[in-house]
Amino acid sequence: MGKHLVLVGGGHAHMVTLAKLRTFIEMGHRVTVIGPSDHHYYSGMGPGMLGKTYTPAEIRFATRHVVEKQGGAFIRDKAVQILASEKKVQLASGETVGYDVISFNAGSYVPRLDLPEDAEDIYAVKPIERLMEAQARILELTAQNKINIGILGGGPSSAEVSGNIWQLVRDAGGTMPHITIFAGKRFMSRFPDNVRSKVENSLLRRSIEINTDGYVQSVQSGMVTLSSGEPRPMNLIFLAVGVKPNPIFNNSGLPTGPDGGLLVNEFLQSVDYPEMFGGGDCIYLEKQPLDKVGVYAVRQNPVLYTNLMAALEDTPLQPFDPGEDYLLIFNMGGGIGVLRKRWLLLDGKLAFFIKDYIDRKFMKKFQAIE
Ligand SMILES: Cc1cc2nc3c(=O)[nH]c(=O)nc-3n(C[C@H](O)[C@H](O)[C@H](O)COP(=O)(O)OP(=O)(O)OC[C@H]3O[C@@H](n4cnc5c(N)ncnc54)[C@H](O)[C@@H]3O)c2cc1C
């Protein structure tokens, strides 16, 4: 008898499952996909969209369309709680959806540091949709005055966002803002010195300030206050302080890793609930915790598809192998990239060209299904 498969979030790890959704339907199963938007944005190209290298349409997948075209149901809503013992998921609208097998690819979020959701001129780098609003605001303000833009966080996303703001204003012919990255005590601290200095130099050459005087004490619209008490007036503030897995698992009392991600075994399956799976930023792989990068979400695709089918059809599960060290390329704006793969380190136009090629190819492959 047919079963009900529910996918929560149409993120990067569900791409193959979404592309092959018809195969579940043809085997007599029902599929429901839950997501807060009809589209899913590829965050790896988000900074490039902010800098206008890409249009929003170039970096998004039409999730709803792909699901409905293949005979699945799409619910535009957010999952807020999992009632695991009842095999039900509760949505923000109050509706509950029952399942036989469920898979989570609900991503991660940037902690808002106690700031209200509607704090004026403060933008988190996720969800990527927010970067479109930020882009319009930057263009509006820099058309009139020299402004200050502050970016909280000292990791790759703050580097990419700052470099792409620079590109955006340069290409629009606006007044270049003073851009400051508030990096805490050390910029790009997770990376080796040679990578850090390439990224740093690329930003410093364009007069982007990297502040390592200590952590920011408080943030409010228009102002960043450093731990020394020094106030730094800012017209626009970006939050790029690192991501945390979707809080839904903690809120539901499910077994999680230390970061709050759904605790899964080598089959990408919840350690307590065999009918529950997940991939991407929202999981915590028990034996080998993974970096929160799209590369792993993409690598999980075929295993997640196979295992969801196996769970529905009672066939053996396949283990996930995270694979070797991954290729890292940062989009620094201005057509420049910084690339690292094991011992290879490259910066300049070629590095960006490679990232652009890989990202566009990935998008084309899955947009073709639309
Ligand atoms: C600015 C920036 C740049 C980055 N650049 C790169 C890069 O160049 N290369 C790289 O490998 N990684 C990069 N990363 C990291 C990478 O984007 C993430 O690891 C990747 O997005 C994880 O994919 P995901 O599908 O798990 O999550 P997401 O991309 O966050 O997708 C989650 C999906 O779930 C949906 N969703 C959210 N909450 C709910 C809910 N409650 N119910 C239902 N659906 C929900 C969302 O709408 C979304 O569609 C970058 C991250 C950022 C922030």
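The values are calculated or read from the model by the stated rules, or taken from the named source; none is laboratory data. Because the structure is a prediction, the values reported are computed rather than measured. When we count neighbours, we look across all protein chains shown, and the Cβ atoms used for this are built from the backbone with ideal geometry, even at glycine.
Pairs, please: C-beta under 6 Å, at least 6 apart or cross-chain, first residue touching a residue at least 60 places away in the same chain (Cβ under 8 Å) and in the same structural domain as A79 (by TED's automatic domain parsing) and in region 266-284, second within 13 Å of the ligand (Cβ to nearest atom) and aromatic (F, W, Y)?
Between residues of region 266-284 that are touching a residue at least 60 places away in the same chain (Cβ under 8 Å) and in the same structural domain as A79 (by TED's automatic domain parsing) and residues that are within 13 Å of the ligand (Cβ to nearest atom) and aromatic (F, W, Y), the close pairs are G278/F104; C282/F104.
Any residue at all in region 302-319 that is hydroxyl-bearing (S, T, Y), touching a Leu at 6+ places or on another chain (Cβ under 9 Å), closer than 25 Å to D193 by Cα and surrounded by 14 or more Cβ atoms within 10 Å (Cβ to Cβ)?
Checked region 302-319: no residue is hydroxyl-bearing (S, T, Y), touching a Leu at 6+ places or on another chain (Cβ under 9 Å), closer than 25 Å to D193 by Cα and surrounded by 14 or more Cβ atoms within 10 Å (Cβ to Cβ).
What's the number of the only condition in (1) under 21 Å from E313 (Cα atoms); (2) part of a strand (DSSP E or B) that M15 fails to meet?
(2)
So is G257 surrounded by 16 or more Cβ atoms within 10 Å (Cβ to Cβ) and over 30 Å from T53 (Cα atoms) or not? Quick ask: steps written out before the conclusion?
Working: surrounded by 16 or more Cβ atoms within 10 Å (Cβ to Cβ): yes; over 30 Å from T53 (Cα atoms): yes.
Here the answer is yes, as G257 does meet what is asked.
From the list Y296, Y305, pick out the single residue that is at pLDDT 95 or above, out of contact with any helix residue (DSSP H, G or I) (no Cβ under 6 Å at 6 or more places or on another chain) and among the aromatic types (F, W, Y).
Values: Y305 fails: out of contact with any helix residue (DSSP H, G or I) (no Cβ under 6 Å at 6 or more places or on another chain).
After ruling out the rest, the residue left standing is Y296.
Considering only region 37-45, I want to know if a residue exists there that is touching a residue at least 40 places away in the same chain (Cβ under 8 Å), within 22 Å of I283 (Cβ to Cβ) and surrounded by fewer than 17 Cβ atoms within 10 Å (Cβ to Cβ).
The answer is yes, given that some residue of region 37-45 is touching a residue at least 40 places away in the same chain (Cβ under 8 Å), within 22 Å of I283 (Cβ to Cβ) and surrounded by fewer than 17 Cβ atoms within 10 Å (Cβ to Cβ).
Determine whether region 335-342 contains at least one residue that is surrounded by 16 or more Cβ atoms within 10 Å (Cβ to Cβ), free of Cβ contacts under 8 Å to residues at least 40 places away in the same chain and under 18 Å from P47 (Cα atoms). Outline the logic, then answer.
The first filter runs over region 335-342 and keeps only residues surrounded by 16 or more Cβ atoms within 10 Å (Cβ to Cβ), leaving 336-340.
With free of Cβ contacts under 8 Å to residues at least 40 places away in the same chain added as a condition, the list becomes 337, 339.
Now drop any that are not under 18 Å from P47 (Cα atoms), which leaves 337, 339.
Yes; the residues of region 335-342 include at least one that is surrounded by 16 or more Cβ atoms within 10 Å (Cβ to Cβ), free of Cβ contacts under 8 Å to residues at least 40 places away in the same chain and under 18 Å from P47 (Cα atoms).
Tell me, please, whether a residue that is within 23 Å of Y123 (Cα to Cα), part of a loop (DSSP other than H, G, I, E, B), in contact (Cβ under 8 Å) with a residue 60 or more places away in the chain and touching a strand residue (DSSP E or B) at 6+ places or on another chain (Cβ under 7 Å) can be found in region 172-195.
No, every residue in region 172-195 fails to be within 23 Å of Y123 (Cα to Cα), part of a loop (DSSP other than H, G, I, E, B), in contact (Cβ under 8 Å) with a residue 60 or more places away in the chain and touching a strand residue (DSSP E or B) at 6+ places or on another chain (Cβ under 7 Å).
Conditions first: (1) under 17 Å from G51 (Cβ atoms); (2) out of contact with any helix residue (DSSP H, G or I) (no Cβ under 9 Å at 6 or more places or on another chain); (3) part of a loop (DSSP other than H, G, I, E, B). L115 passes all but one, so which condition is the exception?
(1)
Would you please name the residue that is nearest to I147 (Cα to Cα), looking only at residues in region 232-253 that are surrounded by fewer than 19 Cβ atoms within 10 Å (Cβ to Cβ) and within 16 Å of the ligand (Cβ to nearest atom)?
That would be G242.
Is it the case, given these coordinates, that D325 is surrounded by 16 or more Cβ atoms within 10 Å (Cβ to Cβ), within 15 Å of the ligand (Cβ to nearest atom) and charged (D, E, K, R)?
no
Return the total of residues in region 331-368 being closer than 21 Å to K198 by Cα, within 15 Å of the ligand (Cβ to nearest atom) and assigned to a helix (DSSP H, G or I).
6
Tell me the strands (runs of 3 or more DSSP E) entirely within region 47-104 that contain at least 1 residues that are in the same structural domain as P247 (by TED's automatic domain parsing) and free of Cβ contacts under 8 Å to residues at least 12 places away in the same chain. Before you say what the answer is, go through the steps one by one.
Numbers: elements: 73-76, 79-83, 88-91, 96-98, 101-104.
Output list reads 88-91.
Would you point out the residue of region 1-36, among those that are farther than 26 Å from D359 by Cβ and within 16 Å of the ligand (Cβ to nearest atom), that is surrounded by the fewest Cβ atoms within 10 Å (Cβ to Cβ)?
The selected residue is T32.
Output the number of the condition that D259 fails; it satisfies all remaining conditions of (1) under 30 Å from G348 (Cβ atoms); (2) within 16 Å of the ligand (Cβ to nearest atom); (3) of a type in the set (D, E).
Answer for D259: the failing condition is (1).
Tally up the residues in region 262-289 that are away from the ligand (no atom under 14 Å from the Cβ), in contact with a Leu (Cβ under 7 Å, 6 or more places away or on another chain) and of a type in the set (A, V, I, L, M, F, W, C), please.
2
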